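Have a look at the structure below before the remarks.
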């Protein structure tokens, strides 16, 4: 979501307060505290990871498919990119019509989804959107799934879930900014509690939802909401909601190797991020709040992804800068394994 001005920072919610907030079935806002941040848990250096002015502004979400394939979305116009590694840089795939990205459409083949986040998972490539660019004064909080196997230059969603009625009412440019996917196996192994049933989460209670839950982040309140999405394409059930520990949220990333969910804020929060894990009570709660790497300027970073492969004790992480500062939208750093 491009912004014309930066919001005033407030302090963040402490770990104890987050845990208490997470016990509520339907929390509605992420309030703040003065808990000290931890340094970034990786290298301090950050480097440009794309060519000059490849994407322009509005690059807003990232997700690794594999060590050498990275998906990215632009929110205006709604565009999906398949990126491949080229040495230390990421560049658009030149095969199958991906060289300039592909225009996104709603399930009816129309509209301009304001795609703010993306996640690649066994269901396909899924985006979270906050409005239709063809009607940008109205909030439309939707999750869209795309089939990316063909060579068409425009993609119509194969499934569409409209979460607007189930989420807090927000302005058109203050909605869904983040999406991630967590496997059912990871949730059940940790004793994740279904807030709807007040019992341990049972995947069998949600037939047709696939093999995991979708977690979306609402920019306006910093809250995270977990959904079982019927893969037929319209029905959904909210399973949980909890505070991210940030006043605003721009991306979510599930780190499978640690079982932690990362929440990331942009320059609204000075580039802070939090990690969350399932507590002994079965609720997601904040485990740590991190500063951005010391070598990272306070950019408008709206996308964040962690590579699935560890090499020499670290994993690559990539940020997407919505503002395209200095002509670069992608920056890379490291996260310790």
Take residue 185, project a point 7 Å from its Cα along the Cβ direction, then tell me which residues of segment 118-132 have their backbone nitrogen under 16 Å from it. 121-123
Label model pair residue 136, residue 149: point-to-point distance (7 angstrom along the Cα→beta-carbon line) in nm is 3.5
Going by C-beta contacts inside 10 Å, put 238, 82 in order with the fewest on the left. 238, 82
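Taking a ≥ b ≥ c as the square roots of the Cα gyration tensor eigenvalues, with a/c under 1.5 meaning rounded and otherwise prolate when a/b beats b/c, else oblate, which class fits segment 57-110?
Numbers: a/c = 2.07, a/b = 1.75, b/c = 1.18.
The shape class here is prolate.
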What does the helix-only formula give at 222 nm for the chain: each DSSP H stretch with n ≥ 4 adding -39500 (n - 2.57), the total divided by the residues, and the result rounded to the nearest 500 deg cm²/dmol? -1000 deg cm²/dmol
Using bins 5 angstrom wide from zero, how does P(r) for segment 107-147 break down, in % of all Cα pairs? 6, 25, 29, 23, 11, 4, 1
Output row, site residue 69, 7 Å Cα→C-beta label point, backbone N cut-off 16 Å, window segment 278-311, residues 307-309
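What is the order of 260, 138, fewest Cβ neighbours within 10 Å to most? Write down the numbers at each step before the final one.
Values: 260 18, 138 10.
Least to most surrounded, the residues fall as 138, 260.
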For residue 100 paired with residue 311, estimate the spin-label separation in nm (one decimal), with each label point 7 Å from Cα along the Cα-to-Cβ line. 3.2
Sorted from fewest to most neighbouring beta carbons within 10 Å, what does the list 205, 257, 248 look like? 257, 205, 248
Residues in segment 214-236 that a label on residue 164 would reach, taking backbone N under 13 Å of a point 7 Å out along Cα→Cβ: none
Segment 117-179 - convex hull of alpha carbons, volume per residue in Å³: 89
Send over the Kirkwood Rh of the chain, from the inverse of the averaged 1/r over different Cα pairs, rounded to one decimal Å. 19.5
Full extension between residue 205 and residue 89 adds, at 0.36 nm per residue less the Cα distance, a length in nm of 37.4 nm
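No value in this document is a laboratory result; all are computed from the given coordinates. Note that the structure is predicted; figures quoted are calculated from it, not measured. Note: ideal-geometry Cβ built from the backbone for every residue, glycine included; neighbour counts use all protein chains shown.
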